[in-house]
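Quick notes on the structure that follows.
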Amino acid sequence: MKDGEKKWYVFKVMSRQEKKAASQLAKKQIEYYLPLRPKKRTWSDRIKIIEMPLFPGYIFVKIDFSTEKNAVFSATGICGFISVDEKPAVMSEEDLETIKKLTASSHELTTASIDNYPEGLEVKFDHGPFKGVTAVVKGVKNKKYIFVKFQMMGQMAVAEVDVMDIEKII
């Protein structure tokens, strides 16, 4: 890796500090990505939709690791980074785009037929918001929805999708 080259890294964040860390990074003008998903919260007097991190405890940061890591660590809540073979793990642009497509997709479409997509089958999206992304069939809900799982950074994300958007990988 050349000095001055910015790459995406996955930093660990203290519990429930993801948004605070993102705010601190923004103030420092450090590029970050915190994927959020809507979640319904119920209190005794009201119901509210709030944005929750898709990957609790993690934030994606685009930096030159050798020169900017200290600025990231000075942000509230940042407590470490993901490493592979004792080196900071680099997140590919492709994986980051997959996560962005996953969070951008909030649709729950009905399916025509799920019988040809058993659990464990690897599929690829040939159109729709996940075009080009591969996933594994996780299950079926009420014969209307098909669930697929995406493997990213050692964690699983599951989404309901339209079977018309996928094709089997042979």
Calculate the FRET efficiency for Glu86 and Arg16 from the Cβ-Cβ distance with a Förster distance of 35 Å, rounded to the nearest 0.05.
0.75
Cα Rg, Dmax (largest Cα-Cα span) when computed across segment 1-102, Å:
14.9, 55
List every residue whose amide H lies under 5 Å from the amide H of Asp64, counting only residues 5 or more places away in sequence or on a different chain, with H placed 1.01 Å from N in the peptide plane.
Lys7
Chain lengthening between Thr76 and Ala26 when straightened (0.36 nm per residue, less Cα-Cα):
16.8 nm
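Of Leu121, Leu102, how do they rank once you tally other Cβ atoms within 10 Å and put the fewest first?
Leu121, Leu102
Any read-out appearing in this document is the output of simple, stated calculations on the displayed coordinates, not a laboratory observation. A quick note: this is a predicted structure, and the numbers were derived from the prediction, not measured. Cβ atoms come from the backbone with ideal geometry, glycine included; neighbour counts cover every protein chain shown.
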